[in-house]
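Accompanying notes for the structure given below.
The values are calculated or read from the model by the stated rules, or taken from the named source; none is laboratory data. Fair warning: this is a prediction, and the values are worked out from it, not measured in the lab. Neighbour counts are summed over all protein chains in view; Cβ atoms, including those assigned to glycine, are modelled from backbone coordinates with ideal geometry. Remember, those area values only see protein heavy atoms, side chains included, never the ligands or the DNA or RNA. Shrake-Rupley method; radii C 1.70, N 1.55, O 1.52, S 1.80 Å.
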Amino acid sequence: MAREERGDGNLGRPEEPRRTNYGSQSGRGFQRQGEGPQANPGIRSVHSSRPQAGEGADTPTQPAQETSAVRTTASNWSTSLRAIAQKAVQNKTHRFGGLYRLLNPANLRECFYQLRKEAAPGVDGVTFEEYEKNLEENLRSLVQRLINKSYRARLVRRKYIPKGNGKLRPLGIPTLEDKLVQLAIAQILLAIFEADFLPCSYGYRPGRSPHQAVAELTDTLYRGQFQFVYEADIKGFFDHIRHDWLVRMLEQRINDGAIIRLVRKWLRAGILEEDGRIEHPESGTPQGGIVSPVLANVYLHYVLDLWFERKVRRVNRGQSRLFRYADDFVCCFDYRHEAEAFAQAVKERLAKFGLELALDKTQTLRFGRNGGGHNGRFDFLGFEFRWEACRKGFAIVKRRTSRKKLRGAVERFTEWIREQRHQKLGELMKTVARKHQGHWNYYGLIGNSKSLSDYRTLTLRELFKWLNRRSQRRSYTWRRFNKLLRRFAVPLPRIVERATNPGLPSKPGWEPQQAERVCLFGDHYRACRA
C-alpha cells in the first residue's frame, strides 16, 4: 500500500474528466481517435488522443455528493484512491494492476462504516449490528479468504417492489459481507472510470444528481435551437447486461485478474426467489447490489455514450445532445430526419449488446420554441417537459410532476395510510410529515407549485378520511384536522430549486448581493418592512 501511494506521488484530489464540446456544432468534424493495442472489437479505448483546440478541455471538479452506488465522495477518498483517480486522468489508456491489495482490513473497515445500518439482511440474516460486535475478527477472516481465493459470493435474496404501473421491480439483496467487498470494489472502479465518463451521464456519480440532469436539459432546450426530442428507456436493463461484454469493457482499464474474478462471482451468483427457487442467471446484474450501478454506468458508457459522441454527433449536420441517467435517456436534435435515423440506429446498437428498448416509453416528438401546437410533451426522471407561454407572453420550457408519477405517489400514500392507520397518532403524523418533505425535496422545482399543491390536497383528503375511521365516531372536523397538521408541523409545499442566475433581468451581470441592495419600491417601503 505504502509503495503504491509513493509511486503515484500522493497526487491528492482527483480531477474532473475531460469535457467534450457539447455546445459546438456537431457538423464540425471531430478528430478520429485510434484504438489502443488491447482494444476489443466493438469497444474503443476511451481517450487515445489528446483533444485538438476547440474540441474539449478539462474543467474543475464539481462538489462531490453521495450517491446510492458508493456512499462516499471524491473529497474523502483515501490517498490510494486519489492517486488512482489522478493516474486515470493523466493517462487515458493506462490499465491498472495491483488493485487487489487494496482489499485490506483498513479499507474494508472504512467501507463497513459507510454501509447503511438499517439495510435489509441477505440470505444469511446477518445484520449490521451483529457483524459489528466482532468486527475485527470478521474482517481478518474475510481478508484471509480473499487472499486465499476461497471467498465465495453468497446467494442474492430477491425482493419485488411495485413500480407504480402495475408491474414489479426485482431487487437483489446481497449478504452483508458481499455488500462490504462490493463497496470496496465499487470505489476502486469509480476512481478509475470517473475520469472516462462523459458529462452526458448523470446517474450514480459523485457530484451529480437528477436535479442537475433536469436543470441542464431544461436550459439546453430553452437556449438551444433543438426542434426534436427522442425519449427512450431500456427494457429490463439490469437483467440483460451481457457478462462477456461487461468484462471486456472493464479490462479496457483494469489489468488485475483477481478483481475481474470477483466481479464474475457476483455476476454469476445465484438468486433466491421469494418462493424458494434458486436461479443462476446467464446475464444481468442484480438491481440493488452496491456494485451494480457502477457496472451499469461502465456498460452504457461504451454502449451508448461513446457511440453517440463519436459516431452519431460526428455525422449529423445539426446539433445533437444526449442526457442519460442510468438506463433512462433523452436525445435532442435539430432535424427530424436525424432524429429518425438515430431512432433506428440505436435499436441496432443496443441489440448488439443484448439490450432492447421499452416501446411504450420510447418516442420521437416535435419539441421546439416555434413548434406551437405541434409540440409534444415527454417525461424524464419523473418530470413532464412542455413548451408553454409564461406570464410575459413568450414561450419557455416548463416542468411539472409527471401525471403517472403523481398518481402513483398518491396511490402509495393511500395504501400506506389504510394499512397503518392503527399506529399511534404521533408516530403516524411524523411519518406523514417526512413523506411530504421528501416529496417537496425532489419535485419542488420552479413552476411545479400546482402539482405540489395537488399532491398535498389529495393525500390530506385520504389522511382525513382514514383518521376518521379509526373509531366508530367521527374524530375530526376540517378545523380540528388543520390544527393537527400545524401541531405536528406537516410542511407546506415548497420550491427547493433556486434560480441559476439570480438578479435583475435588466442587469444580468449583477451579483446576488448587488441585486439585494436595490430598493425597487422606494425607501419608505424598506422602512415599512423593517
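Hey, can you tell me all the residues within segment 420-459 that are aliphatic (A, V, I, L, M) and either within 22 Å of GLY382 (Cα to Cα) or in contact with a strand residue (DSSP E or B) (Cβ under 9 Å, 6 or more places away or on another chain) (or both)?
Those that are aliphatic (A, V, I, L, M) and either within 22 Å of GLY382 (Cα to Cα) or in contact with a strand residue (DSSP E or B) (Cβ under 9 Å, 6 or more places away or on another chain) (or both): VAL432, ALA433, LEU445, ILE446, LEU452, LEU458.
Annotation: THR414 fulfils all but one of (1) under 30 Å from GLY372 (Cβ atoms); (2) among the hydroxyl-bearing types (Ser, Thr, Tyr); (3) over 26 Å from the mean Cα position of the chain (by Cα); the unmet one is (1).
Among residues of segment 406-417 that are within 10 Å of LEU458 (Cβ to Cβ), those with a beta-carbon under 6 Å from a residue that is open to solvent by 20 Å² or more (accessible area, probe 1.4 Å) at least six positions away or on a different chain give the pairs VAL410/LEU458; THR414/GLU462.
The set of residues from segment 191-205 being aromatic (Phe, Trp, Tyr) and over 13 Å from LEU295 (Cα atoms) comprises just one member, TYR202. Contact annotation: residue pairs with Cβ atoms under 7 Å, 6 or more positions apart or on different chains, pairing a residue in segment 207-219 that is open to solvent by less than 20 Å² (accessible area, probe 1.4 Å) with a partner that is outside any helix (DSSP H, G or I) and polar (S, T, N, Q), are GLY207/GLN62; GLY207/GLN65.
So, of the residues in segment 307-328 that are in a helix (DSSP H, G or I) and among the aromatic types (Phe, Trp, Tyr), which turns out to be most open to solvent (accessible area, probe 1.4 Å)? For segment 307-328, the residue satisfying everything is TRP307. All told, ARG152 falls short of being within 30 Å of GLY447 (Cα to Cα), in contact (Cβ under 8 Å) with a residue 40 or more places away in the chain, open to solvent by 10 Å² or more (accessible area, probe 1.4 Å) and not polar (S, T, N, Q). The condition of being under 26 Å from LYS167 (Cα atoms), hydrophobic (A, V, I, L, M, F, W, C) and open to solvent by 30 Å² or more (accessible area, probe 1.4 Å) holds for LEU458. Can you spot a residue in segment 167-178 that is surrounded by fewer than 20 Cβ atoms within 10 Å (Cβ to Cβ) and farther than 24 Å from LEU295 by Cα? Taking every residue of segment 167-178 in turn, at least one turns out to be surrounded by fewer than 20 Cβ atoms within 10 Å (Cβ to Cβ) and farther than 24 Å from LEU295 by Cα.
Scanning segment 84-112 for residues that are assigned to a loop (DSSP other than H, G, I, E, B) and touching an Asp or Glu at 6+ places or on another chain (Cβ under 6 Å) gives GLY97, LEU99. When LEU115 is tested against (1) under 20 Å from GLN187 (Cα atoms); (2) open to solvent by less than 50 Å² (accessible area, probe 1.4 Å); (3) not in a loop (DSSP other than H, G, I, E, B), just one condition goes unmet, and that condition is (3).
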